[in-house]
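S.K.: I'd like to ask you about the structure that follows.
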């Protein structure tokens, strides 16, 4: 050979080789971890968009079964969803804003009435609790202060609108190409297991869609029932705003409905004692109906989870990602439990 005999290959068992490769792998893993943290907010938008697409997918499949092409079905569903949201903003948001202004205007009066209590007077003289609360509510700039001043508040609004636009675009893409994307992922599985992976994956997506759409149906039931009840009480002036608060909070698993009920009952008691007592009775009864009638009927077919698993999943999701994590935790737990039942348990049964 013109360049001499080739030397012996590297000894892969040598301490230097193993240490070098191990250190290089550690550096790559650390870089990937830092990159994952850096794009965490983007991944969150992608996950939210995927869950929304899975939630809208049953409506698209409903139109497909009636002969509508998937592209047109996706467009119709997205246009309908955006149209409903636009109508809500145009028709309801001004009413909610007026009622929130009325609540803010009446809050100092309620605080004055609260201050007549001797125990509250003692606490106020020592800690100035009521005075600080009254100053916080009556200050016209308190909302901006919460977000770091006028500039910070404006940047938060722009960021929220930008994120909403990104989620809308990603949801449209996911919805239009959901079948293509999922089947491309399924092809990564070995051919001998591809059919089983496809069925399990489709079941997981179906469960996610059923949970997302079911959660909104349950929230709408809570909001409309609250609106009807509050309309016949002394707090009818704030009925729309309070019903909206109940509907939004009811989307949060486990604790959302209770928080909404506490908010409404507190305002009802501050307005009229009889209305407050009626609100407590109404929400105690309604939550039993929701927990044992509405929720099981709507969610029973899509999310079959033991109560303890739901509580643990919601707590873990809330600890990791806040409200969004609590919303995504239950369908994620259902997917994990399905995989454990169909894969891990059955593998153990064969041994």
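The values are calculated or read from the model by the stated rules, or taken from the named source; none is laboratory data. Because the structure is a prediction, the values reported are computed rather than measured. Because the Cβ atoms are built from the backbone with ideal geometry, glycine has one as well, and the counts that use them run over all protein chains shown.
S.K.: Does any residue of region 297-304 turn out to be under 24 Å from the mean Cα position of the chain (by Cα), more than 29 Å from residue 85 (Cβ to Cβ) and modelled with pLDDT under 80?
M.R.: Yes.
S.K.: Being in contact with a helix residue (DSSP H, G or I) (Cβ under 9 Å, 6 or more places away or on another chain), within 30 Å of residue 40 (Cα to Cα) and in a helix (DSSP H, G or I): is that true of residue 227 here?
M.R.: Taking the combined requirement at face value, the residue does not satisfy it.
S.K.: Could you pull out the residue among 191, 150, 160, 184 that is at pLDDT below 80, surrounded by fewer than 18 Cβ atoms within 10 Å (Cβ to Cβ) and more than 23 Å from the chain's Cα centre (by Cα)?
M.R.: 150
S.K.: Still on this structure, please answer the following. Scan (1) at pLDDT 85 or above; (2) in a helix (DSSP H, G or I) for the single condition residue 232 breaks and write down its number.
M.R.: (2)
S.K.: Filter region 208-237 down to the residues that are buried (at least 20 other Cβ atoms within 10 Å of the Cβ) and closer than 20 Å to residue 336 by Cα and list them by number.
M.R.: Once the filter is applied, which keeps residues that are buried (at least 20 other Cβ atoms within 10 Å of the Cβ) and closer than 20 Å to residue 336 by Cα, region 208-237 yields 208, 209, 210, 211, 212, 214, 215.
S.K.: Considering each of 223, 214 in turn, give the residue that is under 22 Å from residue 287 (Cα atoms), at pLDDT 85 or above and assigned by the TED database to the domain that holds residue 269.
M.R.: Of the residues listed, the single one that is under 22 Å from residue 287 (Cα atoms), at pLDDT 85 or above and assigned by the TED database to the domain that holds residue 269 is 223.
S.K.: Let me ask something else. So which of 316, 262, 248, 280 ends up being touching a residue at least 24 places away in the same chain (Cβ under 8 Å) and assigned to a helix (DSSP H, G or I)?
M.R.: Within the list 316, 262, 248, 280, the selection yields 248.
S.K.: Can you go through 270, 278, 247, 243 and tell me which one is under 18 Å from residue 229 (Cα atoms) and at pLDDT below 75?
M.R.: 270
S.K.: Need the failing condition index for residue 215 against (1) within 20 Å of residue 298 (Cα to Cα); (2) outside any helix (DSSP H, G or I), just the number.
M.R.: Among (1) within 20 Å of residue 298 (Cα to Cα); (2) outside any helix (DSSP H, G or I), residue 215 violates only (2).
S.K.: Kindly establish whether residue 50 is free of Cβ contacts under 8 Å to residues at least 12 places away in the same chain and closer than 24 Å to residue 218 by Cα.
M.R.: Considered against the rule, which asks whether it is free of Cβ contacts under 8 Å to residues at least 12 places away in the same chain and closer than 24 Å to residue 218 by Cα, residue 50 comes out as no.
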